[in-house]
Amino acid sequence: MKKRTKSVPFNLLGVCFLFVLGCGLSALAQAPANAKIAFVSFRDGNREIYLMDADGKNPVNLTRHPDDDIAPAWSPDGKQIAFTSGRKGKRNEIYLMDADGKNVRKLFRDFDFGENSSPTWSPDGKQIAFMHDIRGFPDIYVANVDGSNPTPLTKDPDAADFAPTWSPDGKQIAFHRSRRGDRLSAIYVVDIQTQQVRRLTNGPWDESPAWSPDGTKIAFSSDDGVGNIYVMNNDGSNIVKVSDNPGPIATRNPDWSPDGRHIVYEWAVRNEKELNFEIFVINIDGSNPRQLTNSPRLDAWADWFDPAVLAVNLKDKLLTTWGRLKKGAR
């Protein structure tokens, strides 16, 4: 006789689904209402974290501190922003704040030796990867979002590792590396489970990688005498230039729009007195570059969040969960 498996009552599955749905909608309700770009600006005399709309309008100052606040990074749900600051005269540390700039707190309580900087969130929002530097050659570390269990992922004593960025599947972290005595820089990835490191590019100066939202591409900046933004497959193949910088000034720090259709980056433009970095956005095919900021001082380190894309991803996730629940009830 075929043994029967005990099924879960369908009405109980419905309750479970509504609970998951309610949790998801609650997280979404606390996220910013419109697409926002977090960025750093020097317009008020020192580097502070700002928010602006995705079209560059309505800039709002989030941090007001005499020490520099840089490198903002959105949490996956849009409720928090991590950033780097040298507050209280100390070396760089990682801080978290709510998306409205309130409730600023330091990530680590007892991991204060060396410098910690350049935070990036895991896709599930439970961990933060960052640079940790105690000898002038930083490594990539990962810690829980409550600051516990900081753990090194890269440990090469002759390499300096910068600008970590988490893959959307949560399995890898991309970064750029310079070796001791070598002026070149290249893009690498490290497997989080095995800590195996692979090199993806050959320079001469490739840096600041950023994963596409679907995980298939990596954008990065490269300078071979003329700095530009490039996109490649996540295995390092098929490198394509996106921006068209005609001069020797660097084009840096790309980040993807949440829908994967645009790249935001910083580019030096000349005002009346000097060269000044401003934030631009461009379609991924290189068309329609347009300037988003126009201030007398530096604007840089843009990071894009869109609650509408979060809602679509949440819907897909919930429908997948519902499908699994229904299948398990059969």
Label-point separation, R297 to K90 (7 Å along Cα→Cβ), nm: 2.5
Name the shape class, rounded, prolate or oblate, that the alpha-carbon gyration tensor gives for the stretch 161-250, where a ≥ b ≥ c are the square roots of its eigenvalues, rounded holds for a/c under 1.5, and otherwise prolate holds if a/b is larger than b/c and oblate otherwise. oblate
Pick out, in residue order, every one of the trypsin sites (Lys or Arg not before Pro) in the stretch 163-198 that is DSSP loop and has at most 12 other C-beta atoms within 10 Å; say none if there are none. R180, R183
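Which ordering of W121, W74, W205 is given by a fewest-first count of other beta-carbon atoms within 10 Å? If you can, show how the numbers build up before the last one.
Working: W121 21, W74 24, W205 18.
Final ranking by Cβ density, sparse to dense: W205, W121, W74.
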The FRET efficiency for D156 and R43, from their Cβ-Cβ distance with R0 = 30 Å and rounded to 0.05, is 0.20
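Say R0 is 35 Å: what FRET efficiency, to the nearest 0.05, do N144 and D214 get from their beta-carbon distance?
Details: r = 26 Å, r/R0 = 0.76.
My answer for the efficiency is 0.85.
Can you classify the stretch 90-146 as rounded, prolate or oblate using the Cα gyration tensor, where a ≥ b ≥ c are the square roots of its eigenvalues, rounded means a/c under 1.5, and otherwise it's prolate if a/b beats b/c and oblate if not? Kindly include the intermediate steps, with their values, before the conclusion.
Working: a/c = 2.14, a/b = 1.39, b/c = 1.54.
Oblate.
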Could you list T201, T151, T194, T251 in order of exposure, starting from the residue whose Cβ has the fewest other Cβ atoms within 10 Å? T194, T151, T201, T251
So what's the net charge close to V226: Lys and Arg +1, Asp and Glu -1, counting the other residues with Cβ under 12 Å from its Cβ? -2
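Please rank Y230, Y188, fewest neighbouring Cβ atoms within 10 Å first, as an exposure proxy.
On the way: Y230 19, Y188 23.
By the 10 Å Cβ count, ascending: Y230, Y188.
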With Cβ to Cβ distances under 13 Å as the rule, what net charge do the other residues near G260 carry (K, R +1; D, E -1)? -3
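Sum up the charges of everything whose Cβ sits under 12 Å from the Cβ of F175, counting Lys and Arg as +1 and Asp and Glu as -1, but leave F175 out.
On the way: positive: R177, R198, R199; negative: D139, D156, D161, D206, E207.
Summing Lys/Arg as +1 and Asp/Glu as -1 gives -2.
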Would the stretch 157-312 count as rounded, prolate or oblate if I go by the C-alpha gyration tensor, calling it rounded below 1.5 in a/c and otherwise prolate when a/b exceeds b/c, oblate otherwise? oblate
Mean-position separation - Cα centroids, the stretch 154-190 and the stretch 78-148, in angstrom: 18
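Throughout, read-outs are computed from the coordinates displayed, never taken from laboratory work. The shown structure was predicted, so the numbers you read here are calculated from the model rather than taken from an experiment. Here the Cβ is made from the backbone with ideal geometry for all residues, glycine too, and neighbour counts use every protein chain on show.
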